[in-house]
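Quick notes on the structure that follows.
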Amino acid sequence: MDDTGSPERSHSGRFWTTRWSLVAEAAGSATQARDALAELYEAYWYPVYAFARSRGTDAETAADQTQGFFVSLIERQALRRFDPARGRFRSFLLASFKNYAANSHRFEVAAKRGGGVSMVALDGDQAQARYAVEPRHADTPERVFERAWAVSQIEQALARLRAERAQVGQEQAFVALRPYLTETATPRYAAAAASLQMSEGAVKMAVHRLRRRFGQLLREVVGETVARDQVDTELHELLSILTEQPR
């Protein structure tokens, strides 16, 4: 078994190739556009859904609005209007959804037609189950959206790290060590060492390397939604949102 260290090579070919730019540059019915929008949807449907629910929208309507909104992005070629030099993608997405929700009747045809876009249907029960465990507090819907967005960035980075480890036959080790990547308390490695048949020292080193690679991938994910010179600021804000106590 190796030390679960990840390759240091960056995804330079796609680091600054964002989901939204793929959609914006592709024709509305092109396979590239459909695939890019499906990826965008998979990554960010929950922040949009959580925002809708926190505004008092019922679960069924929130699910319909969320899926219809992402379809409308490509139907109306709305992503062409986004310029990362002028703001964050999460801010653009939230503002766009607010406009969509306020005028949803105007976009019913687009949502039904689908714009030639194939997406995974939103599972209403799954969405509601996830929203049900959100902290109950007095945060604004905007803060609920930001927290869900921050979590989505973490989830995407972890998914990429898992895929990397799977490619080299180390997915089982990743699953065992995954809890150590985001916990803040001093980790205890005995259980993981026993399950992986490694020494505690080897586990500690493996976790260190995974954390380093996780940090690189998180930076990559964040870098896909902001201008290059805003990555550090966005990372800092993302981590602040995650560590902020509910009000």
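Taken together, the values in this text are just the output of simple stated rules run on the coordinates, not laboratory data. The model shown is predicted, which means the values in this text are computed figures rather than measured ones. FYI the Cβ positions are ideal-geometry reconstructions off the backbone, even for glycines, and counts take in every protein chain you see.
General remarks:
- Sites residue 142 and residue 104 - FRET efficiency at Förster radius 25 Å, r taken between beta-carbons, to 0.05: 0.85
- Ranking of 217, 235, 242 by count of other Cβ atoms within 10 Å, fewest first: 242, 235, 217
- Residue-span extension gain [residue 171 to residue 159] - 0.36 nm each, minus C-alpha spacing: 3.2 nm
- For 238, 181, order by how many other beta-carbon atoms lie within 10 Å, fewest first: 181, 238
- Amide H contacts under 5 Å for residue 55, placed H, 5+ residues apart: none
- Cβ-to-Cβ counts within 10 Å put 61, 243 in ascending order as 243, 61, the fewest first.
- Backbone HN-Hα couplings from phi across segment 89-97 [Karplus 6.51/-1.76/1.60, Hz, Gly and Pro as x]: 5, 5, 5, 4, 5, 5, 4, 5, 5
- Projecting the Cα atoms of 214, 226, 169 onto the dipole axis of segment 140-247, where Lys and Arg carry +1 and Asp and Glu carry -1 at the beta carbon, places 169 farthest toward the positive end.
- The peptide list 82-90, 142-150, put in order of mean Cβ contacts within 10 Å with the highest first, becomes 142-150, 82-90.
- Per-residue ³J(HN,Hα) for segment 202-208, Karplus 6.51 cos²θ - 1.76 cosθ + 1.60, θ = phi - 60°, Hz, x for Gly and Pro: 5, 5, 4, 5, 4, 5, 4
- Note, ³J(HN,Hα) from phi for segment 225-231, Karplus 6.51, -1.76, 1.60, rounded to Hz, x at Gly and Pro: 10, 9, 5, 4, 7, 10, 4
- Taking each residue as 0.36 nm, the span from residue 95 to residue 60 lengthens on full extension beyond its C-alpha to C-alpha distance by 10.5 nm.
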